[in-house]
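The values are calculated or read from the model by the stated rules, or taken from the named source; none is laboratory data. The structure displayed is predicted, hence computed values, not measured ones. Don't worry about glycine lacking a Cβ; one is built from the backbone with ideal geometry, like all the others, and counts go over all protein chains shown. Areas reflect the complete protein model, heavy atoms only, side chains present, ligands, DNA and RNA absent. Shrake-Rupley method; radii C 1.70, N 1.55, O 1.52, S 1.80 Å.
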Amino acid sequence: MNLDTLKKLIKKYDFKITPSQLRAAQTKATKLKKELEEILINDGLVDEGELYQKLGAYLGVPFVALKGREIKKDALNLIPGPVAGTHQVVAFEKSANEIKLAMIDPTDIQTIEFLRRKTGLEPKVYITALSDLKEALHRYHSELEGEQLRIIQESGNEAGGGSDLKKAAETISVINVINSILENAVYEGASDIHIEPTEKDVSIRYRIDGVLKQIMTLPKSLQSGATARIKILANVKLDEHMIPQDGRFKIQVQDEKVAFRVSILPVYDGEKIVMRILHEGTKPLTLDQLGFLDKPRKIVDGAIAKPHGMILVTGPTGSGKTTTLYSVLGILNQPGVNISTIEDPIEYRMAGVNQSQVNPKVGFTFATGLRALLRQDPNIIMVGEIRDQETAEIAINSAMTGHLVLSTLHTNDAATTLPRLVDMGVPPFLVAYTANIIVAQRLVRKICQFCKKEYKLDQAATAELAKAFDIKKIIPLFKDNIKDWHEGNNPESLKFYQGAGCRRCGETGYKGRMGIYEILEITPEIIKMINQRASANEINDYARSHGMLTIFEDGLIKAKTGITSISEVLRVTRE
């Protein structure tokens, strides 16, 4: 329950809480990372039953008491464990067409919609007391532990042969466990699933918004069956345990087909599995959705409009380069052009685009694939990554001969890309006359909008920021890039934002990610510098003196406007 709702509730129903008591409770809730209403109840400032009944009346949602109420297993198990715990929801009754949900926050529309699609039943939402919900969740976990015990007894000893592994993988219990892990990962917005065997159990972690999060542990006796189940789905060798294997499979989750790219690696305690989640049917994001500010976006728009040349995107692994390229392709994907790609792997399927997957085992590399693409009468070519001199030379020659070429490299900033291509053996004049723009980027987590709060920089935070940026330049930066600037000229009075941490963001203070960017436009002056073999630092200094925003500056602007936090920008730009 947010503070505004609680204040309205207290005023409407005349709860005997003073403003000072409410402020103290809010401070305590933030410090302990607990819900505000939980602090008020625990400190005896409000009666729990009365609070939630009045909240239900205020929101127009019926109240249900779960204590002592029998909840049948078929209803309880309709909601996956991670969803029930994280989003504080319990299914306490079901019928042929309806599912009754008890929630602390009946305004959580996203969870309600997810459960409607997952169960195929119409949700009827009730509000319940916090202690009632905790007791019901405890019952849920008791049921789950009993189910795991039954699985252990069914599984018996660790399977050894191929037929035993296949049998273990096809038990209903193992299938349900794996399906639950996959579906929950998609629902929680994870990009990767890590299944890691240890000496005593199997750890399941999701990478959410770029950070790994422990989700659950499975009993050791499930390890062989779970591994075998994923191997069967990914169509790899079931009885091979000594070498790495790669595979891929798709499943239907809600109304969407989701692909999983599987990597299996032998480790000390078994085989570690990492699955990358690929939403193949997802529409490309617009440049605004990616997070481009007005001035940099105009430069990108200009480069996209050119009929030939190169658009290069650079950054470390996991910085969103491929997503940016697909977004550019989505803009360029028109009936009048032929677009071909060579990728490793194909991460998203795009209608109207001819996509090819490299296969080094048969000699189909980026270089050979790119040569073949040039015989396919393309207008636009995307090369997944420039890794070597041969690929670089073919890509650049393609840009010289009238094609628009999109590709990625691994460098830390935009300016370093130019000397890197020259170091690969590409003549400087070819680099200078073919590159249109270079986009360097990172991904930052966005502040959760449900627990976002304002603060001012203290001395310690100002000192930390000063290590990375000249504080004297921060006001001019904001004045030039933030519309209707009105906060004056004192850096110490600036307001920034951070997430306090709440249930909806898993107590992290962040939900979702977006890019921070550095756009280097190849102007006639920079062409001269490349031909004179200027260093990356010289090119970078020149570009900055002529208005280029660095990745850090772009991030600072987004921190000031409340999209991300300063600590998050510092985290990703120091990596």
Among the residues listed as K473, K453, K467, K479, the single one being over 27 Å from E538 (Cα atoms) and either open to solvent by 40 Å² or more (accessible area, probe 1.4 Å) or in contact (Cβ under 8 Å) with a residue 24 or more places away in the chain (or both)
K453
What number goes with the only condition from (1) open to solvent by 40 Å² or more (accessible area, probe 1.4 Å); (2) hydrophobic (A, V, I, L, M, F, W, C); (3) closer than 30 Å to E568 by Cα that I311 does not pass?
(1)
Could you say whether any residue in segment 524-542 is on the phi > 0 side of the Ramachandran plot and open to solvent by less than 10 Å² (accessible area, probe 1.4 Å)?
no
Quick one: in segment 203-223, which of the residues that are free of Cβ contacts under 8 Å to residues at least 40 places away in the same chain and among the hydrophobic types (A, V, I, L, M, F, W, C) is least open to solvent (accessible area, probe 1.4 Å)?
I204
Against the conditions (1) open to solvent by 30 Å² or more (accessible area, probe 1.4 Å); (2) under 30 Å from G512 (Cβ atoms), where does I232 fall short? Just the number, please.
(2)
If I go through segment 12-34 residue by residue, how many of them are assigned to a loop (DSSP other than H, G, I, E, B), more than 18 Å from C502 (Cα to Cα) and charged (D, E, K, R)?
2
Here are the criteria: (1) out of contact with any strand residue (DSSP E or B) (no Cβ under 9 Å at 6 or more places or on another chain); (2) surrounded by 15 or more Cβ atoms within 10 Å (Cβ to Cβ); (3) of a type in the set (D, E). Tell me which single one D239 does not satisfy.
(2)
Does segment 242-256 hold any residues that are touching a strand residue (DSSP E or B) at 6+ places or on another chain (Cβ under 9 Å) and loosely packed, with under 14 Cβ neighbours inside 10 Å, and which are they?
M242, I243, P244, D246, K250, Q252
Subset tally (residues that are under 21 Å from V300 (Cα atoms) and either hydrophobic (A, V, I, L, M, F, W, C) or part of a helix (DSSP H, G or I) (or both)) for segment 537-568
17
Pairs needed: first member in segment 123-136, open to solvent by 40 Å² or more (accessible area, probe 1.4 Å); second member anywhere, outside any strand (DSSP E or B); C-beta distance under 7 Å; at least 6 residues apart or different chains.
E135/L66; E135/K67
Those residues that are open to solvent by less than 80 Å² (accessible area, probe 1.4 Å), in a helix (DSSP H, G or I) and of a type outside the set (D, E, K, R), I need them from segment 35-57; list them, please.
L36, I39, L40, I41, G49, L51, Y52, L55, G56, A57
Filtered residues of segment 340-368 (kept if surrounded by fewer than 21 Cβ atoms within 10 Å (Cβ to Cβ) and in a strand (DSSP E or B))
E343, V353, N354, Q355, S356, Q357, N359, F364
Residue list for segment 524-547, filter: hydroxyl-bearing (S, T, Y) and either touching a Ser or Thr at 6+ places or on another chain (Cβ under 6 Å) or modelled with pLDDT of 95 or more (or both)
Y542
Yes/no for R371 being in a loop (DSSP other than H, G, I, E, B), basic (K, R) and open to solvent by 50 Å² or more (accessible area, probe 1.4 Å)
no
Candidate set: segment 1-11, residues that are within 34 Å of the chain's Cα centre (by Cα) and in a helix (DSSP H, G or I); chosen: the one surrounded by the most Cβ atoms within 10 Å (Cβ to Cβ):
L6
Name the residue that is farthest from L409 (Cα to Cα), counting only residues in segment 374-389 that are in contact with a Gly (Cβ under 9 Å, 6 or more places away or on another chain) and either of a type in the set (V, I, T) or assigned to a helix (DSSP H, G or I) (or both).
Q389
When both residues are 6+ apart or on different chains and their Cβ atoms are under 7 Å apart, which pairs have a first residue that lies in segment 484-495 and is at negative phi and of a type in the set (S, T, N, Q), and a second that is open to solvent by 40 Å² or more (accessible area, probe 1.4 Å) and not in a loop (DSSP other than H, G, I, E, B)?
S493/K456
I'd like the full set of residues that are under 26 Å from V569 (Cβ atoms) and aromatic (F, W, Y), limited to segment 173-215.
Y206
Would you pick out the residues in segment 70-113 that are in a helix (DSSP H, G or I) and closer than 21 Å to E35 by Cβ?
G81, P82, V83, A84, G85, T86, I109, Q110, T111, I112
Look through segment 257-307, keep the residues that are more than 15 Å from S191 (Cα to Cα) and touching a His at 6+ places or on another chain (Cβ under 7 Å), and return whichever of them is surrounded by the most Cβ atoms within 10 Å (Cβ to Cβ).
E271
Those residues of segment 310-330 that are among the polar types (S, T, N, Q) and in contact with a Ser or Thr (Cβ under 9 Å, 6 or more places away or on another chain) come to a total of 4
Where in segment 426-500 are there strands (runs of 3 or more DSSP E), lying wholly inside it, with at least 3 residues that are over 28 Å from L406 (Cα atoms) and either of a type outside the set (F, W, Y) or in contact with a helix residue (DSSP H, G or I) (Cβ under 6 Å, 6 or more places away or on another chain) (or both)?
452-456, 495-499
Evaluate the following for S319: is it open to solvent by less than 10 Å² (accessible area, probe 1.4 Å) and in a loop (DSSP other than H, G, I, E, B)?
yes
